[in-house]
Amino acid sequence: MIELAVFASGNGSNAEVLYRYFESHPRIRISLICTNNAHAGVIGRGQRLNVPVVVFSSAMLNGGALSPLLSKFNISGIVLAGFLKLIPFDLIDAYPDAILNIHPSLLPAYGGKGMYGSRVHEAVLAAGEKNSGITIHLVNREYDKGRVLFQEGLEIHPSETPESLAGRIHQLEHTYFPKVVERYFDEVWHG
């Protein structure tokens, strides 16, 4: 069984979509939810889904405490679903090519430090872009610079607002993120 941990900092809708997608999967399971935000909505979602939830501090994240914790849960890979912190090098080294992230733009555009959530959508619209979308990529030592595994775009409407674009991007995330995670861990990574 491939045991995955989902890292999230906010509401956790993608974490729940992932959990439900893999709930009956024969080879992949969401076994743990981790968050750096003690007030994150993902905590309640995890509790309702009966998934163990770990809330950790920046000191734990950057102090090397997460790798041993993840090992206790037999975690094979990590999926970042709205996680807003840079993954420390020790965790990247402990999970080589086994950490996936979803980003709400077509990278390399509108990626990097500070580019998340509504900030991305506001920047896309302010620049007058005609398209946006999602990127699912491997995590390396730089924000949003890992190898791209999947992108899906959408056309921006003339009357688009950051909120309407966010809603449409979320629909893409919910549609494609579980399938790409499944394909990567089941076929590519696991072999």
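The table below gives the values:
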{"item": "Filtered residues of the range 1-50 (kept if in contact with a His (Cβ under 8 Å, 6 or more places away or on another chain) and under 18 Å from Ile75 (Cα atoms))", "result": "Ile2, Arg27"}
{"item": "Only one of Glu142, Glu182 that is within 23 Å of Ile75 (Cα to Cα) and surrounded by 17 or more Cβ atoms within 10 Å (Cβ to Cβ)", "result": "Glu182"}
{"item": "Positions within the range 126-171 being more than 14 Å from the chain's Cα centre (by Cα) and of a type in the set (Ser, Thr, Tyr), in sequence order", "result": "Ser132, Ser159, Thr161, Ser164"}
{"item": "The range 66-89 - residue that is more than 24 Å from Met1 (Cα to Cα) and either among the aliphatic types (A, V, I, L, M) or in a helix (DSSP H, G or I) (or both) and, of those, nearest to the chain's Cα centre (by Cα)", "result": "Leu84"}
{"item": "Matching residues, the range 90-120, being assigned to a loop (DSSP other than H, G, I, E, B), under 26 Å from Arg183 (Cα atoms) and out of contact with any Leu (no Cβ under 9 Å at 6 or more places or on another chain)", "result": "Pro96, Ser105, Leu106, Leu107, Pro108, Ala109, Tyr110, Gly111, Gly112"}
{"item": "For Thr135: the one exception among (1) under 26 Å from Pro162 (Cβ atoms); (2) outside any loop (DSSP other than H, G, I, E, B); (3) in contact with a helix residue (DSSP H, G or I) (Cβ under 8 Å, 6 or more places away or on another chain); (4) at pLDDT 95 or above", "result": "(3)"}
{"item": "Residue satisfying all of: in the range 84-127; aromatic (Phe, Trp, Tyr) and out of contact with any Gly (no Cβ under 9 Å at 6 or more places or on another chain); surrounded by the most Cβ atoms within 10 Å (Cβ to Cβ) among these", "result": "Tyr110"}
{"item": "Of the criteria (1) touching a helix residue (DSSP H, G or I) at 6+ places or on another chain (Cβ under 8 Å); (2) crowded, with 19+ Cβ neighbours inside 10 Å, which one Asn36 fails", "result": "(2)"}
{"item": "Ser57, sole failed condition from (1) buried (at least 18 other Cβ atoms within 10 Å of the Cβ); (2) out of contact with any Phe, Trp or Tyr (no Cβ under 8 Å at 6 or more places or on another chain)", "result": "(1)"}
{"item": "Verdict on Ala123 being closer than 22 Å to Thr161 by Cβ and not in a loop (DSSP other than H, G, I, E, B)", "result": "yes"}
{"item": "Search result, residues across the range 17-41 that are in a helix (DSSP H, G or I), at pLDDT 95 or above and under 22 Å from Lys85 (Cα atoms)", "result": "Val17, Leu18, Tyr19"}
{"item": "Enumeration of residues in the range 28-82 that are within 15 Å of Gly10 (Cα to Cα) and either among the β-branched types (Val, Ile, Thr) or touching a residue at least 60 places away in the same chain (Cβ under 8 Å) (or both)", "result": "Ile33, Thr35, Val42, Ile43, Val53, Val54, Val55, Val79, Leu80, Ala81, Gly82"}
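The values are calculated or read from the model by the stated rules, or taken from the named source; none is laboratory data. Worth saying up front: this structure is predicted, and the values here are computed from it rather than measured. No Cβ is skipped: glycine too gets one built from the backbone with ideal geometry, and neighbour counts run over all protein chains shown.
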